[in-house]
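Report on the following structure.
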Amino acid sequence: MKKLFLTLALSTSALIGSADEGMWMLTDIKQQNAVVMRELGLDLSIDKIYSPTNISLKDAVVHFDGGCTAEVISKRGLVLTNHHCGYSYIQQHSSVEHDYLTDGFWAMSDAEELPCEGLDITFIDKILDVTAYVQEQLKKDPDPEGLNYLSPAYLSKVAARFAKKEKIKTNEFRILELKAFYGGNKYYLFVKNVYKDVRMVGAPPSSIGKFGADTDNWMWPRHCGDFSLFRIYADKKGNPAHYSKENVPLEVKKSIVINARGVQEGDFTFVMGFPGRNWRYMISDEVEERMQTTNFMRDKIRTARLQVLGEEMSKDPATRIQYASKYASSANYWKNAIGMNEGLVNLKVLDRKKREQEEVLAFCKAQGDTQGEQAFQTIRDIVKKRFNYVYRQQAIYEALMQGTEMSKAPSLHALIEALQANDATKTANAITTLREKGEKYFNKDYNLSVDRKVSKKLLSLYASYIPAAERISIFQTIEKDFGGNINAFVDACFDTSIFGSKERFEAFLMKPSVEVATQDLIARYASSVAEGYKFTEKEMKAETNAYNQAHKVWVGKVLDFKKAKGIPVYPDANSTLRLTYGKVGSYTPKDGATYLYYTTLDGVMEKEDPNNAEFVVPAKLKELYAKKDFGHYALPDGRMPLCFVTGTDNTGGNSGSPVFNAKGELIGTGFDRNYEGLTGDIAYNPALQRAACVDIRYTLFIIDKFAGCGRLIEELEIVK
């Protein structure tokens, strides 16, 4: 991996673009950000971006599959997102015979669009500040432990009460989400409309959509056409509905105009999306904890898992398709963890955090306020006390819970109880339930042979990091019955367990017994993993509760400090709709190197390596390049634009976000951040942090010239 970090001098004389920190709530931008946005170049009324009463751009930005963002780009419900966001559904429809991951997919008619089981697209209908109402409810319904203010279960009940009071109707397609912000100092209620009939429309081959794959991931310059297309369907009245052949494309109330004129250095941009998580209000002790636990385990354990998966995928096309999505998902934040730790050290983020928290503490002292220092010290003490449990928990999560698929084997507990009670009805019901869960366990993307190899590697790695006395309970069995030989234990799991093969599982269900169920090795392993994780949670419960209370106070003091200084405030990301803004701009990552703000198709051809699966270039793309057949999507000098970077404050969950120009027209789709900006989840750096975006001209070029899917181009509103 190429290391891009050197000690950074914050001289930015070569920097032309500018950036602005903040993942802003749409409800706050008119008051907090409108003036700055206009000064930077916004040429659009804030009410056109977000209005609580009228149709705005907000109504064309959707939550895709609960983890990404997408934008509606036609009046017939056509949705644009990233290739990696749609990847699991491209994989879902792929087989050795129809390998859409390798070959791409394009529906040449509505009838060819493929239903995606399990895929939801969610519109945000209303955003309501309900802080006063929630605080009133908290006074009426006190939690003995004082934790209702963060409890999702409690907040769900409060949301239902509010909806009843305000006569907000809900059903399975119109739902409520009440979330705490600023550590529980503020609350917003989101009224959502969920569409469950979503169909795959188009996806370039992975050689375009994932060009550069792991090597280029989180890096700049980039050369991947990371996009895919889906369509929202509804019943004939336009209402959300489950999949039906009778459903029709949704006639949306708002779609986004596309601008194909391109971007220039210094252009103002803004992004709307659903950033997942960041931790800007962490103190320095928490940053160190994150580096040494979560990031450490992601780095070491995923490195080992990805190596095994990569080797197995390279041997067999069917295995490659089975594990394509799992591999990509794991690899994404593996590299993120590595880059974040490097950046936190090289950019001296800990020193910056210490300076910032000292300023807040000094402010509190000047106010005669002791609560801030008390909360700060409480957090420090808790971090120190819980460290070992966090470390152990992350080892369980990465190596055993996420890493080994046999940890997901269904529990046999209910069946054992029914058999011991000699209750025929309960036994029959337990078998039915177990059979249903077994179908999900033995799914088409589960390969027993691969899991066996991964499990051997990861159990050994887990044992190398965790002392024997602190390991999960199954290691006592490994020591007692297998002489500490992990490989022998794993082989016994797959050779003898009812979960070692689908045939063995079915045979057991036909003739279940308490003895077999209680002795089953994979069932015992899965139970041990779950119990081990719960144990760490239980041991940290008191610290977690105390931390949440102290964190609420500390964040409140940080807000007081910023407001006193006239600094606008924003909450940490929590998968709710946000807006960020900044300018398109080149940047200088290290002395003597400047990265331009854009890339072109020339870079794809320069990187081509037919012997490296990450850098294969499709023959059709090479043909178009050789002929310079780029149509009106080309730059004035004849080159084909591909990606660009802009200084918006993004994080995971922003994948697929629309990138707007000053007029609110779509100029690109956000898909990644740069490696130098990975510290942004904890501390934003305007000189270095960039959002990498697919230029909308490249997206249109691939749809039009490469795929020949002109029917999709025709339904778009394009400014040329």
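The values are calculated or read from the model by the stated rules, or taken from the named source; none is laboratory data. These numbers come from a predicted model, not from an experiment. Cβ coordinates were reconstructed from backbone atoms using ideal geometry, including for glycine residues, and neighbour counts include every protein chain displayed. Side chains included, ligands, DNA and RNA excluded: accessible areas come from the protein's heavy atoms. Shrake-Rupley method; radii C 1.70, N 1.55, O 1.52, S 1.80 Å.
Laid out as a table, the results:
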item	result
Length gained when the stretch residue 27-residue 507 is fully extended (0.36 nm per residue, less Cα-Cα span)	167.0 nm
Ordering of 154-161, 361-368, 70-77 by burial proxy (mean other Cβ atoms within 10 Å per residue, highest first)	70-77, 154-161, 361-368
CD proxy at 222 nm, helix term only [per DSSP H run n ≥ 4: -39500 (n - 2.57); per residue of the chain; nearest 500]	-13500 deg cm²/dmol
Area of residue 452 that stays accessible when all protein chains are in place (1.4 Å probe, Å², to 10)	60 Å²
Dipole magnitude of region 450-600, debye to nearest 20 (Cβ charges: Lys/Arg +1, Asp/Glu -1, about Cα centre)	900 debye
Exposure ranking of 411, 45, 528 by accessible area [1.4 Å probe, largest first]	411, 45, 528
Cα-Cα over 21 Å, subset of 210/408; 300/335; 365/552; 622/720	210/408; 622/720
Calculated from backbone phi, Karplus (6.51, -1.76, 1.60) coupling profile of region 88-105 in Hz, x at Gly/Pro	5, 7, 4, 5, 4, 8, 8, 8, 4, 6, 10, 8, 5, 5, 7, 9, x, 8
Cβ-derived FRET efficiency at R0 56 Å, residue 153 paired with residue 591, nearest 0.05	0.60
³J(HN,Hα), Karplus 6.51/-1.76/1.60, whole Hz, each residue of region 455-467, x for Gly, Pro	4, 4, 5, 7, 5, 5, 5, 4, 5, 6, 9, 10, x
In region 254-303, chymotrypsin sites (Phe, Trp or Tyr not before Pro) in a DSSP loop with at most 15 other beta-carbon atoms within 10 Å	279
Too-long pairs where the Cα-Cα distance tops 20 Å, listed order kept, from 58/186; 167/192; 58/167; 165/192; 126/165; 444/502	58/186; 58/167
Cα centre as origin, Lys/Arg/Asp/Glu Cβ charges: the chain dipole, Debye	1200 debye
Gained length - residue 435 relative to residue 172, 0.36 nm times residue gap less alpha-carbon distance	92.0 nm
Under 5 Å, built H, 5+ apart or other chain: amide partners of residue 188	130, 179, 181
Percent accessible area from carbon and sulfur atoms, region 607-664, protein chains only, probe 1.4 Å	53 percent
Surface accessible to a 1.4 Å probe, residue 233 within the full protein complex, Å²	10 Å²
Contact order normalised by residue count of the chain, Cα under 8 Å, 6+ apart, percent	26 percent
Fraction of the pair-distance distribution of the chain above 45 Å, Cα-Cα pairs, percent	24 percent
Vicinal HN-Hα couplings computed from phi for region 500-515 (Karplus, 6.51 cos²θ - 1.76 cosθ + 1.60; Hz; Gly/Pro x)	x, 7, 5, 5, 5, 5, 5, 5, 5, 5, 6, 9, x, 9, 5, 4
Added length on full extension, which subtracts the Cα-Cα distance from 0.36 nm per residue, residue 47 to residue 711	235.8 nm
In Å², nearest 10: area of residue 206 left accessible to a 1.4 Å probe	20 Å²
Probe 1.4 Å, all protein chains present, accessible-area order of 413, 93, largest first	413, 93
Calculated FRET efficiency for the pair residue 485/residue 385, C-beta based, R₀ 41 Å, to 0.05	0.70
DSSP beta bridge pairing in the chain, given as percent antiparallel to the nearest 5	95 percent
Rg [Å, one decimal], Dmax [Å, integer] - region 604-718, C-alpha atoms	16.2, 46
Surface accessible to a 1.4 Å probe, per residue, for the residues of region 146-291, Å²	37 Å²
Cβ charges +1 (Lys, Arg) and -1 (Asp, Glu), total dipole of region 189-263, debye	340 debye
Other-chain or far-sequence residues with amide H under 5 Å of residue 234's (modelled H)	248, 250
Accessible area in the full protein assembly, largest first, 1.4 Å probe, for 370, 599	370, 599
